[in-house]
1. For region 45-77, name all the residues that are within 25 Å of D109 (Cβ to Cβ) and surrounded by 15 or more Cβ atoms within 10 Å (Cβ to Cβ).
2. Yes or no: A117 part of a helix (DSSP H, G or I), modelled with pLDDT under 70 and touching a Cys at 6+ places or on another chain (Cβ under 7 Å)?
3. Scan region 60-95 for residues that are at pLDDT 60 or above and assigned to a helix (DSSP H, G or I) and report the count.
4. Spot the failing condition for P31; the list is (1) touching a strand residue (DSSP E or B) at 6+ places or on another chain (Cβ under 8 Å); (2) within 21 Å of Q110 (Cβ to Cβ); (3) not charged (D, E, K, R), and only one is missed.
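The values are calculated or read from the model by the stated rules, or taken from the named source; none is laboratory data. Predicted model, so just to flag it, every value in this text is computed and none were measured. Virtual Cβ from ideal backbone geometry, glycine too; neighbours counted across all protein chains shown.
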Amino acid sequence: MKHALFLVLVSSSVFAAEPLEPVVVAAVDIPAGTVVTMEMISQRSVPKRLVSSSYVKPDSASYIINQPTRRPMLAGDFMAWSNFDAPDTRVLQACEKGVSKGAASTAADQVSRARAAIVRR
C-alpha cells in the first residue's frame, strides 16, 4: 500500500510542475459579429502543451480589439486567430449558416446552432 501512495505523490508532483503559458480568453459570452473590446477579453495561464500558435497571446491582444468576431464564443473560450480571419472552409460555412439563423440571439444559442450545423454535415 505504501508503494501505491508513493506513485500517486510522484505523479501529482509532475503535473504541478508543468509549465504554464498565458493565452487570451473570452471574459464574457460574445455573439458572432460582435466588435471585441478590451473589457470582453481576459488572460488565463494554461498548461503549455495545450497552447498552439493558433491562439492569441497577451502580447498580441491589441490586434483583435475593435475586430468583429466570425463565430460566437463563450466565456473562457480561447481566442483563436480563426475567430477573426478564418479560412473559407466547409466547416466554417456550415458554422456561419448555423449562426446566421439567429443573428440577434445569445452566444450560447449561436454556439449550439453552429455545432448542430457541423454535426449535420
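1. Y55, V56, I64, T69, R70, R71, P72, M73, L74, D77
2. For A117, the condition - part of a helix (DSSP H, G or I), modelled with pLDDT under 70 and touching a Cys at 6+ places or on another chain (Cβ under 7 Å) - is met.
3. Total meeting the criteria: 7.
4. (1)
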